[in-house]
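So that we are looking at the same thing, I have put the structure below in structure tokens.
Every number here is computed from the coordinates shown, using simple stated rules; none is lab data. Bear in mind that the values here come from a model prediction, so they are computed numbers and not experimental data. Neighbour counts run over all protein chains shown; Cβ positions are idealised from the backbone, glycine included.
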Amino acid sequence: MNMRQLSGSVKVAILTNAIGAKAAAPILNRLGEEERQLIYKLQSKLGAVPQNLVDKVAQEFLETAGGPLINFDGKASKKEETEEEAKKKGK
């Protein structure tokens, strides 16, 4: 699967499938019934999604949502490092 070829609905299906039903419930509950059913249908058709694709979809979501930028190896991004350095200098 290529990121550019994935629709938003498929990306939601990948991400919600990866985080599990319990964690995905608050996200899916914000959708209308028709949208929810589409996501469930897509999840059932996904099969095994390569971890690197799950990581890319999650990273795109974080960047789009304006959340903190982290690497999936647990290290802070350069943006976070710069903010932390700025805080230390301001003390």
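If you keep only loop residues by DSSP, which trypsin sites (Lys or Arg not before Pro) in the stretch 15-51 have at most 10 other Cβ atoms within 10 Å of their Cβ?
Loop-located and lightly packed - ARG30.
Using a simple spin-label model with points 7 Å from Cα along the Cα→Cβ vector, what separation in nm is obtained for ASN2 and GLU63?
Between ASN2 and GLU63, the label points sit 1.8 nm apart.
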